[in-house]
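Beneath this line is the structure, given in structure tokens, with notes to follow.
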Amino acid sequence: MPPHDDTIDGDTYVLPRHLALATLSGDSALEPLLRLGWPLTYDEGGNLYLSAPDGSVRLGYLSEGPDDGLWRINAYEDVFAAPTWGACFNDRCPTEFVTAFTTALAAAYEQGTDAYLAKPVRGSIESDFFLAFVPLMRRNWQIDHPRWGVFAVGSSDGLATVEYTTCDLDPAAELTTREARWHLWAGNSPERPLWYATASTDTSTALVRAVTESVCDPTPLSRWRQETHTYAEGLAQLTPILPLDPPTPTPLDVRRIVFRDPAPLPPASVPRRSTTSRSALPDPCR
């Protein structure tokens, strides 16, 4: 493991990363869109909102929302109509997965509507939904069919799953419930997951793939040890982040030390003069 330094927010590495859960701050997930200059607003309840200048993409960080859907991100072909697609990450989803989504969204937004509003097309070499599964399968995640109408890929430890529903779905329900085309979750049961995320039918495959790539990335995530009690009970591998070692001196550093000008010698000591008066001394002639 790499050593600890001041840029690492945490004292413990967590593997696999799908067991790391959310960080205390969502700043990293907001940053890609803030860099685009999107205005930031709050409502009276303390919820936070980011919107593209043209209103075509809106993000809500709903810390005081009606449910555990902390992050809700919607995109619009018509700003006065229903969203074209919607994605949701709940309040326990690892923040790095949200950041992967918003980073890909920011890049797609700069490319234009053909990128961030690109609908998946089956059989397309660029946008087929299956492309989002490719990073997982390359990491040896296993194909599964947990129930009728659902194609899934699960992690080797059995504690993370990405599901894709193949049957028809209610478009409105996809935006407000977990009954969505894409359902990502961790834990032993989808009914009681450690965390979950969803994306609706027309969400760009590139955006979903950004999340799946982050989910299966073998790089550990840093967390504070005292915050891992909720999920580390025999599930996650926890490794302390070691203090940063002092840098090894280079040959030039050694040369500078060896040939450094010698320090000046201290001044020679001067005997302290006696303060005893001569008249007080005994006369040796007596």
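The values are calculated or read from the model by the stated rules, or taken from the named source; none is laboratory data. These numbers come from a predicted model, not from an experiment. Neighbour counts run over all protein chains shown; Cβ positions are idealised from the backbone, glycine included. Accessible surface is based on the protein model in full, side chains and every heavy atom, while ligands, DNA and RNA are left aside. Shrake-Rupley method; radii C 1.70, N 1.55, O 1.52, S 1.80 Å.
Just to check your reading of the model, which residue among A173, A210 is among the aliphatic types (A, V, I, L, M) and crowded, with 20+ Cβ neighbours inside 10 Å? Quick ask: steps written out before the conclusion?
Values: A173 fails: crowded, with 20+ Cβ neighbours inside 10 Å.
Of A173, A210, the one residue that is among the aliphatic types (A, V, I, L, M) and crowded, with 20+ Cβ neighbours inside 10 Å is A210.
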Test set (1) open to solvent by 10 Å² or more (accessible area, probe 1.4 Å); (2) touching a strand residue (DSSP E or B) at 6+ places or on another chain (Cβ under 6 Å); (3) touching a residue at least 60 places away in the same chain (Cβ under 8 Å) - R139 fails condition number
(2)
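Can you spot a residue in the range 141-151 that is of a type in the set (A, V, I, L, M), within 24 Å of the chain's Cα centre (by Cα), closer than 26 Å to D217 by Cβ and at pLDDT 95 or above?
Going through the range 141-151, the residues of a type in the set (A, V, I, L, M) turn out to be 143, 150.
Filter once more, so that each one left must be within 24 Å of the chain's Cα centre (by Cα): none.
Within the range 141-151, none of the residues are of a type in the set (A, V, I, L, M), within 24 Å of the chain's Cα centre (by Cα), closer than 26 Å to D217 by Cβ and at pLDDT 95 or above.
Filter the range 101-125 down to residues that are among the hydrophobic types (A, V, I, L, M, F, W, C), closer than 12 Å to A52 by Cα and buried (at least 21 other Cβ atoms within 10 Å of the Cβ), then give me how many there are. Write out each step before concluding.
Step one: filter the range 101-125 for residues among the hydrophobic types (A, V, I, L, M, F, W, C), giving 101, 104-108, 115, 117-118, 121, 125.
Cutting the leftovers down to closer than 12 Å to A52 by Cα gives us 105-106.
Subsequent filtering for residues that are buried (at least 21 other Cβ atoms within 10 Å of the Cβ) retains 105.
Summing the residues that are among the hydrophobic types (A, V, I, L, M, F, W, C), closer than 12 Å to A52 by Cα and buried (at least 21 other Cβ atoms within 10 Å of the Cβ) in the range 101-125 gives 1.
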Verdict on T276 being β-branched (V, I, T) and modelled with pLDDT of 95 or more:
no
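Restricting to the range 203-222, and then to whatever is hydrophobic (A, V, I, L, M, F, W, C) and not in a loop (DSSP other than H, G, I, E, B), can you tell me which residue is nearest to L136 (Cα to Cα)?
Only one residue tops the list, namely V215.
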Quick one: how many residues across the range 6-62 are outside any loop (DSSP other than H, G, I, E, B), among the hydroxyl-bearing types (S, T, Y) and either out of contact with any Lys or Arg (no Cβ under 9 Å at 6 or more places or on another chain) or modelled with pLDDT under 95 (or both)?
5
Condition first: surrounded by fewer than 16 Cβ atoms within 10 Å (Cβ to Cβ) and aromatic (F, W, Y). Can you find one or more residues in the range 144-166 that meet it?
yes
